[in-house]
Amino acid sequence: MSKIPKFVLLVYLLGCFHPVKAQLLTIQDAVDQAIKNNAPINQMRSQLNQKKEEWRTQTGISAPEFSYMKEGINNKAADPFQEKRMTVSQSIDFPLTTAYRLKGIRQEEKAMEFSIQEEERKVKANVKSRYVEVIYALHLQKLRDQQLKLATELYNAVYTQFETGMGNGMDLTKAELQVAESNNDIDDARRQLHQARYSLFNLMGLPPENQKYTIEFMDSLKSNDVAISQITALSVLTEQPSYQSSIKELEASGYFLKEARSNILPDIRFNLYKQDYGTGYNFNGFELGLSFPIWYPLEQKGKIRMNLARQEEIQWKQKEIRSGVKEQIEHAWHSYEVSRSTIKRYDETIRSKAEKLQALTLSAYKLGEVDLLNLIQAQQIYLNSQQRYLSALREFYIQLIELEKFLNKELVY
């Protein structure tokens with residue numbers, strides 16, 4: 001084999017064994033991609049673009065009409081016709097009616113903008129919550145690995161006792177079961193991690209070919225504390241995009257109601273003429289017409305009643321939004337407070353005492369001072385306290401993310 005092929009082969013093999021570079025996915029990256037790829041949000045943006053152009057079709061100005069007229073036709077007479085006329089006709093709605101209609105459309109546009117903001121906040125909260133679930137699963141895996149390590153230490157201690165004649169086969173079987181259960185818990189933690197990862201990827205709209213195992217996640221999150229004065233119910237409720245959207249919808253229905261009532265005013269029609277009485281188009285004329293809505297009781301009264309019913313619907317919708325958001329804020333706040341207390345209690349007391357109890361019990365078992373049951377209980381106390389702390393930490397961040405959605409502040413990053 002020549003030198004060149006050998007060199008090419010060497011480069012190829014080095015490339016194959018070169019470690020793949022990991023890609024860090026931050027929580028903000030996940031949020032940005034999810035909002036960018038979210039189908040409902042993009043649909044709403046397209047609908048908003050349609051609404052922004054709708055006013056052009058609702059100006060109340062109809063297409064001009066061009067017509068040609070010839071009257072008094074008599075081929076036997078010296079003059080074959082009496083008059084020829086070319087006409088341009090233009091009809092417009094009464095200006096006040098058009099003004100109300102355009103203002104209503106503008107308010108609908110603003111309502112849609114607030115609806116998009118509301119949807120973006122929901123997607124942002126969902127993505128951050130899923131990201132928290134991924135971090136929780138990663139830490140749960142570490143806890144399960146630690147659980148297996150403790151179970152292995154327990155097995156080794158029991159096996160030593162068994163070999164020296166101080167233990168029995170029943171204790172050894174229990175220790176083997178502890179190791180097997182720990183392995184099962186590790187498998188379950190891996191399942192949770194895969195489920196959390198793919199759930200996050202799907203919410204981000206990440207294509208399957210990009211959902212790689214080389215994607216890494218932040219090991220921990222940062223948070224800002226929340227002062228209770230920031231979640232005063234009324235001051236927060238009226239600032240919610242969903243509530244602001246309903247306000248704009250109510251204003252829009254008010255303008256459409258005025259539009260319907262203003263239809264009692266006549267529409268206007270203009271006609272401009274160029275006339276020929278046999279000597280050429282040397283004469284001009286114009287005509288002004290008014291269209292009176294004699295069918296007003298049938299057509300416009302229906303529109304008026306429809307808009308009155310629409311206003312009542314929106315008012316009930318506002319009440320529902322206020323009560324629903326208030327309940328969500330209170331639930332998120334109280335859950336946040338409880339989980340924060342649990343975390344604080346664990347950091348101040350439980351962590352050190354549980355670790356100390358587990359270590360002392362293991363030493364005492366090796367010396368024959370306590371039985372296997374006490375050792376297993378000490379390990380369970382330690383592992384349960386770790387599990388509860390991890391669950392409280394997850395709940396802490398998830399509820400803080402819920403508060404973030406309503407306060408519109410970056411509390412978790």
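The values are calculated or read from the model by the stated rules, or taken from the named source; none is laboratory data. Computed from a predicted model, the values in this text were never measured in an experiment. Cβ: placed from backbone, ideal geometry, glycine included. Neighbour counts: every protein chain shown. Remember, those area values only see protein heavy atoms, side chains included, never the ligands or the DNA or RNA. Shrake-Rupley method; radii C 1.70, N 1.55, O 1.52, S 1.80 Å.
Brief remarks follow.
- For segment 204-315, alpha-carbon Rg over 2.2 N^0.38 Å: 2.30
- Over segment 82-162, accessible surface divided per residue gives 43 Å², non-protein components excluded, 1.4 Å probe.
- Check: the chain dipole with +1 on Lys, Arg Cβ and -1 on Asp, Glu Cβ, in debye: 860
- Identified option (computed Cα extents along the principal axes in Å; candidates [x] 141, 77, 33; [y] 115, 43, 31; [z] 58, 54, 44): [x]
- The mean of 1/r over all distinct Cα pairs in segment 68-203, once inverted, gives the Kirkwood hydrodynamic radius of 23.4 Å.
- Label positions at Ile381 and Gln43, each projected 7 Å from the Cα along the C-beta direction, are separated by 5.6 nm.
- For Lys344 and Tyr198, the FRET efficiency from 1/(1 + (r/R0)^6), where r spans their Cβ atoms and R0 equals 35 Å, is about 0.55.
- Distance histogram for segment 87-153 (every C-alpha pair counted, 10 angstrom bins, percent rounded to whole numbers): 16, 17, 16, 14, 11, 9, 7, 5, 3, 1, 0
- Positive end of the dipole of the chain (Cβ unit charges, origin at the Cα centre): among Trp295, Gln244, Ala157, the Cα lying farthest that way belongs to Trp295.
- Between helix 27-37 and the chain there is an angle of about 30 degrees, using the helix long axis and the longest principal axis of the Cα atoms.
- Available extension along the chain between Arg305 and Asn374 is 17.2 nm, counting 0.36 nm per residue and deducting the alpha carbon span.
- With respect to the chain, whose longest principal axis is taken over its alpha-carbon atoms, helix 372-407 is tilted by about 20°.
- Furthest towards positive pole of dipole, Ser339, Pro95, Tyr382, structure part the chain, Cβ charges: Pro95
- Computed from the C-beta positions of Tyr159 and Glu410, the FRET efficiency with R₀ = 45 Å rounds to 0.30.
- Rounded to the nearest 20, the size of the Cβ-charge dipole of segment 216-335 about its Cα centre is 600 debye, with Lys and Arg at +1 and Asp and Glu at -1.
- The rule of thumb for compact globular proteins, 2.2 N^0.38 Å, goes into the C-alpha radius of gyration of segment 277-398 2.85 times.
- Rg ratio (alpha-carbon, reference 2.2 N^0.38 Å) - segment 242-308: 1.92
- Summary value for the chain: 23 percent relative contact order, contacts being C-alpha pairs under 8 angstrom separated by 6+ residues.
- Helix axis angle, 95-163 relative to the chain longest principal axis, alpha carbon, degrees: 10
- Relative to the current alpha-carbon distance between Lys149 and Lys317, full extension at 0.36 nm per residue lengthens the span by 54.9 nm.
- Size descriptor, Kirkwood hydrodynamic radius, that averages inverse alpha-carbon separations across segment 27-78, Å: 16.7
- A crude spin-label estimate for the pair Glu239 and Ile294, with each label 7 Å from Cα along the Cβ direction, gives 5.8 nm.
- Given their separation in residues at 0.36 nm each and the Cα-Cα distance between them, Ser352 and Glu216 gain 45.9 nm when the chain is fully extended.
- For the listed peptides 352-362, 53-63, a ranking on the average number of other beta carbons within 10 Å per residue, highest first, reads 352-362, 53-63.
- Carbon + sulfur, % of accessible area of segment 158-210 - ligands and nucleic acids excluded, 1.4 Å: 52
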